[in-house]
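The values are calculated or read from the model by the stated rules, or taken from the named source; none is laboratory data. Everything numeric here is computed off the predicted structure, so don't read it as measured data. Positions of Cβ are generated from backbone atoms using ideal geometry, with glycine treated the same way; all protein chains shown enter the neighbour counts.
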Amino acid sequence: PFLANSAYSSTFEWKQGLPGKNEKQHYPYIGLQLKNYLIRRKKRIFKESTPYMISPSSWLDTCVTQSPCTSFLQHKQISNFADPTQFNAKTAKLKKNNALKTLLFSAMELNDSRKGADLMISILELLDNKLTENICINIIGSGSLTLPNFKHITTKLSRYINSFEELATHYQNADIFLLTSRLDNAPLTLQEATMCGTPCITFDVGGCGEIVEHNVNGYAIKPFDVDLYATKLFELIKTPVLLETFSKNTALQAEKLFSKQRTIDTYLKVYRSLKR
C-alpha cells in the first residue's frame, strides 16, 4: 500500500514518498511512469478513510511505520495461518527414504526473479561439488528451468500443485525445504513447510528470518551468500542428529507462530476495538 507503481520494491525511495527505479515495470504492470502521483493519492485516501493496517510479518509492520503514506495509521502484526489438519508433522503418507536425502524447492512461478531460482541452482552447483553421495531435489512450480547436469543430485520437476493435501505430502516427505527469494514477506511456502516439521534454509530477507530462527529450526542466511548457503546445506545433510533436532524445533515453532485460534482471537480483538 505504500509503494508508488508496483506491489514490491527492492529499493527504498518509498520512505521519502517517491517511486523506485523501474518500479513501473513490475507487477501490477501498467507501463506508465506516474512518479509520485499514486503515492500522493494513496496518502490522501488513507487520511480520509483511516484503514487499520494488518501485516503478516514484523518486517512489513515496520515498513508501514516508515512510509509517509501509512505512518499515521493504526497498525498491527498478525501472522497468517494455514489449516493445521492439512499441514502438520504427523500425517505423512509416504515414508521418507532415509538412504536418499530429499530437498524441496517451491515457487508459484519459477521464472519470477524475486523467487531466486537462479540462486537455488547456483547453490546446488556448489553443493554438488561437496557431495560424495546422491541426493534428490523436488522442484515445484509453473514455468521451466534449465538445470545443469549434476553428478550427485537427481532433479524432479513437478507442475504447480493446487491440492493442499498433495502439497502437504511433498513438505512432509522432504528432509529440507529451500527458500532462495530475493524479495519476500512472510512466504506461505516457508510457513507450510515448518508446520509439516521440515527444517528450512532461507535467505534472511523480509519476514523470512521471523519464521526460520537461525540455528534453531534451520538457517537464515545473509543475503545473498550462496557459498554460505551451500555450506550450511551440506552440513545439515551430513548431520542427521542436527536435522532431527531442527525438525522437532520447527514443528514446535510453527505451533507457536501459526496458531489458528490465536490469529482469529487477535483479529477479533482488533475488530472490537475499532467498533468501539
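Only residues that are exposed (fewer than 13 other Cβ atoms within 10 Å of the Cβ) and not acidic (Asp, Glu) were counted in segment 263-276, giving 9. The set of residues from segment 138-160 being out of contact with any Asp or Glu (no Cβ under 9 Å at 6 or more places or on another chain) and either in a strand (DSSP E or B) or within 17 Å of Cys200 (Cβ to Cβ) (or both) comprises Asn138, Ile139, Ile140, Thr154, Thr155, Lys156, Leu157, Ser158.
Just one of the listed residues (Phe105, Phe12) is modelled with pLDDT of 90 or more and not small (Gly, Ala, Ser), and it is Phe105. One residue stands out among those in segment 182-206 that are assigned to a loop (DSSP other than H, G, I, E, B) and in contact with an Asp or Glu (Cβ under 9 Å, 6 or more places away or on another chain): the one that is surrounded by the most Cβ atoms within 10 Å (Cβ to Cβ), which is Thr198.
In segment 230-252, the residues that are touching a residue at least 60 places away in the same chain (Cβ under 8 Å) form Cβ pairs under 7 Å with partners that are of a type in the set (Asp, Glu), at six or more places apart or across chains, as follows: Leu243/Asp175. The residues of segment 161-181 that are more than 16 Å from the chain's Cα centre (by Cα) and in a loop (DSSP other than H, G, I, E, B), listed by number, are Ile161, Asn162, Ser163, Asn173, Ala174, Asp175. Just checking, does segment 228-250 include any residue being within 18 Å of Ala82 (Cα to Cα) and at pLDDT below 95? Taking every residue of segment 228-250 in turn, at least one turns out to be within 18 Å of Ala82 (Cα to Cα) and at pLDDT below 95.
Is one or more of the residues making up segment 246-262 among the small types (Gly, Ala, Ser), assigned to a helix (DSSP H, G or I) and buried (at least 23 other Cβ atoms within 10 Å of the Cβ)? Yes, segment 246-262 contains at least one residue that is among the small types (Gly, Ala, Ser), assigned to a helix (DSSP H, G or I) and buried (at least 23 other Cβ atoms within 10 Å of the Cβ).
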